[in-house]
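Participant: One structure, as structure tokens, below. Some questions next.
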Amino acid sequence: MTGTIRAHTFKPRDLVGGHIVIDLVNTVTARDAEPIDWLDGYPRLLEWAALTGQFDAAALTDLQRLAEAEPCRAAPALDRTRELREALHDLITALLHQDAPTPATAVDQVEDHWKHAVARARLTVRGNTPQLRVGVETSGLEYLNHELALQAFDLLRALPLERTRICPGLRCGWVFIDSSRAGRRRWCSMATCGNASKGRTHYQRNRQATSRQGRHQPPDDQ
Ligand SMILES: [Zn+2]
């Protein structure tokens, strides 16, 4: 991705992708214009991870301590997050445009991340469900990358293509899974892109109506 890195305080409205891996992809906004990367540092990644509610708070505290103790290791760990994120974006969007060529570099990168994650993972069985699990104790500052890479593989194998969309909102480009009953969700969020579009349509209609009226009205000085 070529774009700007900008500080951003993550809010629940930033998590509309329907899957944590897609929400990671959506930590870049305005992909349809000039992309803006909201992950401006490792602490921001931790802030985002906490907001998702999918990570143990104690693990995130451990990561924060590690990052403060070894910032020179935290920076490359964040670079790896960005690399995984961009590879996933390229791969998912190529899957959505089914006639697009498979992005070989992105596939190689996702594979590389997944292999690193699996190398640090343990196979555990909870109930009747075997799971690959990673932790801070084995992955260190790469813990989030490893967890996200494992989840990305699960998502990619079962990605509901007919329900996965790219928001057409101006300066958006977010990806989301439409889990609505009717399957007609168009926007990442009605509160943001949906309302902005309605506002533009309303403005354009008013302008057209005004200009039509203008053509039929005699000039004021006659
Ligand atoms: Zn949008």
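All of the numbers you see were taken from the coordinates with simple rules; none came from a lab. Keep in mind it's a predicted model, so treat the numbers as computed, not measured. Methodologically, a virtual Cβ is constructed for each residue, glycine included, from the backbone with ideal geometry; neighbour enumeration extends over all protein chains shown.
Participant: Give the range of the longest stretch in the chain that excludes all trypsin sites (Lys or Arg not before Pro) found in loop regions by DSSP and having at most 10 other beta-carbon atoms within 10 Å.
Facilitator: 1-180
Participant: Grab the other residues whose beta carbon is less than 12 angstrom from that of THR164, score K and R as +1, D and E as -1, and report the net.
Facilitator: +1
Participant: Another one. Using just the C-alpha positions of the chain as equal point scatterers, what log10 of I(q)/I(0) does the Debye formula give at each q in 0.08, 0.14, 0.15 1/Å?
Facilitator: -0.36, -0.92, -1.04
Participant: Name the residue farthest towards the positive end of the dipole of segment 4-188 from the options TYR42, PRO168, VAL25, assuming +1 on Cβ of Lys and Arg, -1 on Cβ of Asp and Glu, about the Cα centre.
Facilitator: Of the listed residues, the answer is PRO168.
Participant: Placing unit charges on C-beta atoms (Lys and Arg positive, Asp and Glu negative, everything else neutral), compute the dipole magnitude of segment 4-188 about its Cα centre in debye, rounded to 20. Don't jump to the answer; show the numbers that get you there.
Facilitator: Values: 23 positive and 25 negative charges, 147 e Å.
Around 700 debye, computed over segment 4-188.
Participant: Tell me which residues come under 5 Å, amide H to amide H, from ASP178 once H is placed; ignore anything under 5 positions away on its chain.
Facilitator: Correct list: THR164, ARG165.
Participant: Springs between alpha-carbon pairs under 10 angstrom, Gaussian network model over the chain: which of THR61, THR164, THR52 fluctuates most?
Facilitator: Evaluated over the chain, the most mobile residue of the options is THR61.
Participant: Per DSSP H run of at least 4 residues, take -39500 (n - 2.57); add these up for the chain, divide by its residues and hand me the 222 nm value, nearest 500 deg cm²/dmol.
Facilitator: On the way: 8 runs with 114 residues, N = 222.
Computed ellipticity for the chain at 222 nm equals -16500 deg cm²/dmol.
Participant: Tally Lys and Arg at +1 and Asp and Glu at -1 over the other residues with C-beta under 15 Å from the C-beta of GLU83: what net charge comes out?
Facilitator: Charge balance in the 15 Å sphere: -4.
Participant: Which one of ASP99, ASP108, ASP79 has the biggest mean-square fluctuation once the chain is modelled by GNM with Cα springs under 10 Å?
Facilitator: Highest fluctuation among the options: ASP99.
Participant: Next question. Rounded to the nearest 5, what % of the DSSP beta bridges within segment 4-188 are antiparallel ones?
Facilitator: 85 percent
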